[in-house]
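The values are calculated or read from the model by the stated rules, or taken from the named source; none is laboratory data. Just so it is clear, the structure is predicted and the values come from calculations on it, not from any experiment. We place every Cβ from the backbone using ideal geometry, glycine too, and count neighbours over all the protein chains shown. We work out accessible area using only protein heavy atoms, side chains counted, and drop any ligands, DNA or RNA first. Shrake-Rupley method; radii C 1.70, N 1.55, O 1.52, S 1.80 Å.
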Amino acid sequence: MSFNRADRLLRMITDRTAPAIDDIATARLTLRLMPADAVTACLAGDLAHASRMTGTSIPHELLEDPGALEAGQMRLDEDPDYLPWSVRAIILTAERRMIGHIRFHTRPDPDYLQSHARNAVEFGYLVFRSDRGHGYASEAAKAVMEWARDVHGVQHFAASVSPDNPPSLRIVQRLGFAKVGEEMDEIDGIEYVFLRAAR
């Protein structure tokens, strides 16, 4: 490695304004993996510490529905290789603030999806109330699907949506998902299962 390249890498590691290596960027958003320690800090209510570790302003609204963080942390405890698929902060890049989060539920090809498709992976997302209605969820979903397809060769995507959630139903339909079944979630009740092939 040349001295100049090594110097640039060192500056990226130490410069908090430099993009993280695992970031997924879109026109308006940065999708940033949340370190396990940052998730732990969020769940403990220490959003200031989590904000410093994540490099973004994390609002208190995150704590109103911590289920995705708890599920992601539990999955990561069970399977360290799940890390690239775990919770990402959805950051409004221009303002450097977190407006929601998105994550894959597992690594690709879990047993529970194999009756619908092989080499599939399910994802879920949340955009905070004050930032809804601007297309951020669709933009983030497209970006993580492209990442999973291009980097890991994922061939199908799944999403589970409550029939009582019209905005999310519209998002999955707009993204080209088709309903393939229904399932009972222990926490959320009945959910429609949607599937889409990678494009």
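Observations on the structure shown:
- Only a single item in (1) touching a residue at least 40 places away in the same chain (Cβ under 8 Å); (2) open to solvent by less than 70 Å² (accessible area, probe 1.4 Å); (3) in a helix (DSSP H, G or I) is not met by residue 169, and it is number (1).
- Qualifying residue in region 189-196 (condition: under 24 Å from residue 27 (Cα atoms), touching a residue at least 40 places away in the same chain (Cβ under 8 Å), part of a loop (DSSP other than H, G, I, E, B) and not hydrophobic (A, V, I, L, M, F, W, C)): no
- If you check 106, 54, 93 for being open to solvent by less than 60 Å² (accessible area, probe 1.4 Å), touching a strand residue (DSSP E or B) at 6+ places or on another chain (Cβ under 6 Å) and of a type in the set (Ser, Thr, Tyr), only one passes: 54.
- Yes/no for residue 148 being out of contact with any Gly (no Cβ under 8 Å at 6 or more places or on another chain) and open to solvent by less than 10 Å² (accessible area, probe 1.4 Å): yes
- Residues that are among the charged types (D, E, K, R) and touching a strand residue (DSSP E or B) at 6+ places or on another chain (Cβ under 8 Å) within region 66-90 comprise just one, 88.
- Test: residue in region 93-101 that is at pLDDT below 95 and aliphatic (A, V, I, L, M): no
- Residue in region 56-68 that is within 11 Å of the chain's Cα centre (by Cα) and modelled with pLDDT of 95 or more present: no
- The residues of region 151-166 that are open to solvent by 80 Å² or more (accessible area, probe 1.4 Å) and either within 23 Å of residue 114 (Cβ to Cβ) or touching a Lys or Arg at 6+ places or on another chain (Cβ under 8 Å) (or both), listed by number, are 151, 152, 155.
- Residue match in region 122-138 (condition: outside any loop (DSSP other than H, G, I, E, B), touching a residue at least 60 places away in the same chain (Cβ under 8 Å), crowded, with 17+ Cβ neighbours inside 10 Å and under 13 Å from the mean Cα position of the chain (by Cα)): yes
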